[in-house]
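Colleague: Structure below; questions to follow.
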Amino acid sequence: MDETVAEYIRRTVLKIPRDEIKSMLQKWGFLSEAQLQTINFHQMKDNVSQEVVHLCEENSADIKQAAVLDIIYNHIYSSKRMWSVYRMQKTGEEPEIFDLQSFKKKFKRRLLSVLENVTINFREYEDNAIWIRVAWGTPYTKPNQYKPSYVVYHSQTPYVFISASVLKSNLPLLCQALVVASSYHDIHEMELRSHSLNSLKDIVFKRYSQNFQTYCPRPIQDRSGEPEIADLRITQENRSEKERIQRVTREIFGDGPQPKLEFAQYKLETMFKSDPKMEVLAKKEPFRCQVKFSSPHLLESLRSLAPAGMADAPLSPLLTCITQKARNNFRIKEKRSSFPESFVSP
Amino acid sequence: GVFTHLEMLETQAHEAGRKQEEKEQQEEKLASLQQRVEELRIQRDQLRAKVDLQQKRKSGKKEIVSHAAESSPGAVLDWKLRRVKGMLQIFYLTGISGKLTKRGVCFSISTAYEGTYLDSYYLDLLTKPAVQIHRHSIPIFIPLEQISKRYLQTDIRRFLSVLADHLNAYARRKYQADQLQERFSDHLEGSLQRNSLCNLLAFNYKVPSEGKTFPFSARLIYTDLCCSLPTEVVVSCTGKCLGMWKETAAAHSELFRRMALHKAFCTFISAGEEVD
């Protein structure tokens, strides 16, 4: 077995938390159960990884099989990477039969025709997600296995989720291969980025909770926030206001959990509005400023702003349109007389 | 002198005040008693009406409907509630229901397969200036854009029915594939390959017969997105193919074309011994 492959496997195993190593190796399926039984998973990770490398040598692992282990790791720990969403466009109404084998063939053929030194791996998951791992090389060097790009694609959808490697120069090639393989004709990057791949999927596939007014008999969830105050001497002075805030918040955000985004960024290119006597920026140029909201879970924190009394309800539409517009990067230009609100550029 | 005069005035004022208070209290009492009388009168009227209704029912008169105006408001409300509940039930059963919103209409489309309710999908439409989709929860792989381009502006009923057809067919195909995986997993070899729309299924399965199992591979294509039965089926025997297994493969192919996937499996798994 190649030295580089052994080193790669060793380093991949070291990344895995000790308690997860056995189950991940089982998912990988490259080592037999009997071989796995011989490993002592309670010793130091260094030693565990050495033992795994030994066994892989016995089975003569090559880089493709090692790459599969890497995909499995990244599938479970996908939140360690930053994912961007790309949207593909197609012209005509082509038949919607998606053949996985033909997709894989076209993708590989396209990439390999331009760049020979690439390692390409595919893995399909139950939810119709196709994971693609590409390790890039140059015409003169072998692929760098430590900086691969990952692509997640759901068949018959126009969205692709890419976690690019640091080597951004390969991105156009990757996009081209995707477009050709999936029979679309164009691809462009959306302004949507997050560490949580599932949340990105929820947003673009419209799987997040939206509040629709219907007659459908659904069980009304009893959201009893505060415990009933038994003391009759205490009265809630602003009960109706609180109820209004709850109702408005519910209308905007729905009932269920929100997709997990870490930030929302607004680049302002608007004019600074001040007292004309102050003469700040007499040049009348747009005041360039960037506002960034960061949070471990931005949308949940926005949802709790009004009920916590920290903001007025309803919140600004610039904040509440994030999931519907599927973007968390905005450019706000000057208000034009025909629009009642600020113009948000596409 | 002056002081005694003042004292006298004071006591007079006191007296007047006290009398005023008494008078007010009396008036209050009177008002509350009058209210009580009113309440009791209303109660008496209601009870009278109830008794009348009972008597009429007992005497078996058939003009109860025409007496609706005379019966108590409670009965009318009851009737209205029952009617609305009936409407809601009809909506639930037909699968498409709509509710007027401030700026348009919100439709909900429920999918079902033979009595099992599957997911519901929603469409929030605006009606001014033209009919357009504001928000929705339709899965991205359903060709919503195409369908709305063709029908939304011209014939909204057709739009809803075509969309409902697509959604129901997708839900049924998905249900069949899920059922196959759940109930017949021990007859499947490897995993069931499918795509987002569940309109291409490929799997390997084995049929037991006389103690041995015979492997087959099947590929089902559903080109009609509004249909939950496949348009193209290819079943082939993957092992050593004797003549009779080719016939079985053809028979299975017919079954898959005609009936739902999990039902077809039921049929030939249980009848396996008889056929061969």
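The values are calculated or read from the model by the stated rules, or taken from the named source; none is laboratory data. This structure is a prediction, so every number in the text was calculated from the model and none was measured. Here the Cβ is made from the backbone with ideal geometry for all residues, glycine too, and neighbour counts use every protein chain on show. The area values use the complete protein model at the heavy-atom level, side chains included, leaving out ligands, DNA and RNA. Shrake-Rupley method; radii C 1.70, N 1.55, O 1.52, S 1.80 Å.
Colleague: Answer with yes or no whether A:L100 is of a type in the set (A, V, I, L, M), at pLDDT below 90 and under 26 Å from A:K201 (Cα atoms). Step through it out loud before you land on a result.
Modeller: On the way: of a type in the set (A, V, I, L, M): yes; at pLDDT below 90: yes; under 26 Å from A:K201 (Cα atoms): yes.
Yes: the conditions hold for A:L100.
Colleague: If you don't mind, another one. Picking from A:K105, A:K80, which residue would you name as being open to solvent by 70 Å² or more (accessible area, probe 1.4 Å), out of contact with any Leu (no Cβ under 6 Å at 6 or more places or on another chain) and under 21 Å from A:I203 (Cβ atoms)?
Modeller: On the way: A:K105 fails: under 21 Å from A:I203 (Cβ atoms).
On inspection, the qualifying residue turns out to be A:K80.
Colleague: A follow-up question, please. Please work out which one of (1) without any contact (Cβ under 8 Å) to a residue 40 or more places away in the chain; (2) closer than 27 Å to B:F141 by Cα is the condition B:F214 fails and give its number.
Modeller: Every listed condition holds for B:F214 apart from (2).
Colleague: Another question, then. Return the residue satisfying two criteria in turn: it lies in the range B:134-143 and is surrounded by 19 or more Cβ atoms within 10 Å (Cβ to Cβ) and without any contact (Cβ under 8 Å) to a residue 24 or more places away in the chain, and of such residues it is farthest from A:A129 (Cα to Cα).
Modeller: By that ranking, first place goes to B:H136.
Colleague: Being among the polar types (S, T, N, Q), touching a His at 6+ places or on another chain (Cβ under 9 Å) and surrounded by 14 or more Cβ atoms within 10 Å (Cβ to Cβ) is true for just one of B:S196, B:S253, B:S228. Which residue is that?
Modeller: Numbers: B:S253 fails: touching a His at 6+ places or on another chain (Cβ under 9 Å); B:S228 fails: touching a His at 6+ places or on another chain (Cβ under 9 Å).
That would be B:S196, the only listed residue that is among the polar types (S, T, N, Q), touching a His at 6+ places or on another chain (Cβ under 9 Å) and surrounded by 14 or more Cβ atoms within 10 Å (Cβ to Cβ).
Colleague: Which members of the range B:107-133 meet the condition of being within 11 Å of chain A (Cβ to nearest Cβ), buried (at least 19 other Cβ atoms within 10 Å of the Cβ) and not hydrophobic (A, V, I, L, M, F, W, C)?
Modeller: B:S108, B:S110, B:S120, B:Y121, B:Y122, B:D124
Colleague: Can you confirm whether the range A:101-118 contains a residue that is closer than 30 Å to B:L225 by Cα and within 20 Å of the chain's Cα centre (by Cα)?
Modeller: The answer is no, given that none of the residues of the range A:101-118 is closer than 30 Å to B:L225 by Cα and within 20 Å of the chain's Cα centre (by Cα).
Colleague: Let me ask another. Quick check, is A:L100 more than 14 Å from chain B (Cβ to nearest Cβ), within 24 Å of A:H185 (Cα to Cα) and touching a strand residue (DSSP E or B) at 6+ places or on another chain (Cβ under 8 Å)?
Modeller: On the way: more than 14 Å from chain B (Cβ to nearest Cβ): no; within 24 Å of A:H185 (Cα to Cα): yes; touching a strand residue (DSSP E or B) at 6+ places or on another chain (Cβ under 8 Å): yes.
Here the answer is no, as A:L100 does not meet what is asked.
Colleague: Filter the range B:216-240 down to the residues that are part of a strand (DSSP E or B) and of a type in the set (K, R) and list them by number. Walk me through it before giving the result.
Modeller: Narrowing the range B:216-240 to residues part of a strand (DSSP E or B): B:216-221, B:232-237.
B:R219, the sole residue that qualifies.
Colleague: Filter the range A:130-148 down to residues that are outside any loop (DSSP other than H, G, I, E, B) and either more than 24 Å from A:L200 (Cα to Cα) or touching a Ser or Thr at 6+ places or on another chain (Cβ under 9 Å) (or both) and give me whichever is nearest to the other protein chains (Cβ to nearest Cβ).
Modeller: Restricting attention to the range A:130-148, the residues satisfying the condition of being outside any loop (DSSP other than H, G, I, E, B) are A:130-136.
Those left that are additionally either more than 24 Å from A:L200 (Cα to Cα) or touching a Ser or Thr at 6+ places or on another chain (Cβ under 9 Å) (or both): A:130, A:132-136.
Numbers: A:I130: 10, A:I132: 16, A:R133: 20, A:V134: 22, A:A135: 26, A:W136: 28 Å.
Looking at the filtered set, the residue picked out is A:I130.
Residues are listed down the side, and each one gets a yes or a no for (1) more than 34 Å from the chain's Cα centre (by Cα); (2) at pLDDT 90 or above; (3) surrounded by fewer than 18 Cβ atoms within 10 Å (Cβ to Cβ):
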{"site": "A:V5", "(1), (2), (3)": "no, yes, no"}
{"site": "A:Y8", "(1), (2), (3)": "no, yes, no"}
{"site": "A:R11", "(1), (2), (3)": "no, yes, yes"}
{"site": "A:L14", "(1), (2), (3)": "no, yes, yes"}
{"site": "A:S23", "(1), (2), (3)": "no, yes, yes"}
{"site": "A:L36", "(1), (2), (3)": "no, no, yes"}
{"site": "A:D46", "(1), (2), (3)": "no, yes, yes"}
{"site": "A:S49", "(1), (2), (3)": "no, yes, no"}
